[in-house]
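**Student:** I have a structure here, written as C-alpha cells, and I will follow up with some questions on it.
What follows draws every value from the coordinates through simple rules; no lab data is involved. This one's a predicted model, so the numbers in the text were calculated from it and none came from an experiment. We place every Cβ from the backbone using ideal geometry, glycine too, and count neighbours over all the protein chains shown.
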Amino acid sequence: MTIQVVLADDEVLARQKLRIFLRAEPDCEVVGECATAAETIELVRATRPDVVFLDIRMPDMDGFDVIDALSAHTDFTMPRIVFTTAWDQYALRAFEVHAADYLLKPFTPERLRAAVERVRERRNGALSDVEDEREANGYATRIVFRSRGRILFLPVSEIRWIAAEENYVRISMAEGTHLLRETMTHLEERLDPRNFLRVHRSSIVNLQYVKEVRTDPDGETVVMLVNGQKVPISRSYRSRIQRLVHQS
C-alpha cells in the first residue's frame, strides 16, 4: 500500500534531500511540497496524505501551528507527522502531540528509513492504538530526552526499574541504562500505576519484570526482577506491596 507524503520545509535543499532519501522507499509517493505553513495547511487538506515531513520553524507559523489548524476540523483525519528540524528543544512537545518521529538535521538515510518504518507500523496498527489510548489517559508511553547529541524515544513498557541519583534518575532497560535530569516524583506521576510501583524513595519498578518479593536472611525485603537484580523495599513503601498482594 502506497504511503502518500507531503514535504513541508522553507528550505529548497532540505526538501530536495528528503525527496532523494525517500526514493529508496518504494512504497512512498511524494504528492506535494510546501515552503510555508499556510501552503502546508492548504495542500494537506487537499491531498489528505498519510504522512507530513514537517519543519518546525517556518516563515509564517511554526509546525505546531500547522497541527493546530489541521486538527481544528473534526471531519479531517490527521496525517502522521514526522518533524524535521535542526532544533532539539521541541522534542518533548513533539511527543506530546503524538508525532511519529523527530528527525534532527542533518539526518542520515538510515535515520529517515527508521522514521518511515514507524509510520508503517502506526498505519498497520502496531503502535497507534495502544499509544493513543494510553496518552489519552494521561500516562506516558515513551520518555523523550536528549543524550549525546541524539533524541531518544524510550518505550516505557521496556523500562525495568528506575533509580534516583542525586538530581538525576537512572532508567534501566534490557540493553543498558540511561541517565536523565528528572525527579522521581515527576516521573512517577507520568507512569501508569497499574504497571509501575514505587518501592523506595529512590526506586520504581516495572511490575512486568518483577519475579518475586522476598525477605533476605539479614531481614531486608527486596523485589527480585526476572534478570536477577534486587531492588530494596523501604519500610515506608512496604504497604504498597502488601496492598498489591491483597488485590491479586
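**Student:** What dipole magnitude, in Debye to the nearest 20, does region 142-247 give about its Cα centre under +1 on Lys/Arg Cβ and -1 on Asp/Glu Cβ? Kindly include the intermediate steps, with their values, before the conclusion.
**Tutor:** Working: 18 positive and 12 negative charges, 44 e Å.
Around 220 debye, computed over region 142-247.
**Student:** Let me ask you something else. Using a basic spin-label model with each label point 7 Å from the Cα along Cα→Cβ, how many nm lie between SER234 and LEU92?
**Tutor:** 2.4
**Student:** By its C-alpha gyration tensor, with a ≥ b ≥ c as the square roots of the eigenvalues, how is region 142-247 shaped: rounded for a/c under 1.5, else prolate for a/b larger than b/c, else oblate?
**Tutor:** Since a/c reaches 1.5 and a/b is larger than b/c, the shape of region 142-247 is classed as prolate.
**Student:** Continuing with this model, one more query. Out of residues 5 or more away from ASP192 or on other chains, whose amide H comes under 5 Å of its own, with H placed 1.01 Å from N in the peptide plane?
**Tutor:** Long-range HN contacts for ASP192: ALA140.
**Student:** Label-point separation (nm) for THR108 and ARG57, each offset 7 Å from Cα along Cα-to-Cβ?
**Tutor:** About 2.5 nm separates the two model spin labels.
**Student:** Taking the Cα centre of the chain as the origin and placing charges on Cβ (Lys, Arg +1; Asp, Glu -1), which of TYR168, ILE56, ALA14 is farthest toward the positive end of the dipole?
**Tutor:** The residue sitting most towards the positive pole is TYR168.
**Student:** While we're on this one: Of (1) 0.97; (2) 1.06; (3) 0.95, which is the value of Rg/Rh (Cα atoms, Kirkwood Rh) derived from the coordinates here?
**Tutor:** (2)
**Student:** Longest segment of the chain with no trypsin sites (Lys or Arg not before Pro) in a DSSP loop having at most 15 other Cβ atoms within 10 Å?
**Tutor:** Longest stretch, sites excluded: 24-147.
**Student:** Can you tell me the dipole magnitude for region 3-136 around its Cα centre, using point charges on the Cβ only (Lys, Arg +1; Asp, Glu -1), in Debye to the nearest 20? Don't jump to the answer; show the numbers that get you there.
**Tutor:** On the way: 17 positive and 27 negative charges, 95 e Å.
About 460 debye.
**Student:** Leaving out same-chain residues fewer than 8 places away, which aspartates and glutamates sit with a Cα under 17 Å from that of LYS105?
**Tutor:** Partners found: ASP9, ASP10, GLU11, ASP55, ASP62, ASP88.
**Student:** With charges set only on the Cβ (+1 for Lys and Arg, -1 for Asp and Glu), what does the dipole of the chain come to about its Cα centre, in debye to the nearest 20? Each step should come with its number before you reach the end.
**Tutor:** Numbers: 35 positive and 39 negative charges, 223 e Å.
About 1060 debye.
**Student:** Highest first, please rank the peptides 171-178, 30-37, 97-104 by the mean number of other Cβ atoms sitting within 10 Å of their residues.
**Tutor:** 97-104, 30-37, 171-178
**Student:** In whole Å, what is the distance between the alpha-carbon centres of region 53-124 and region 184-239?
**Tutor:** Each part reduced to its Cα centre gives a spacing of 36 Å.
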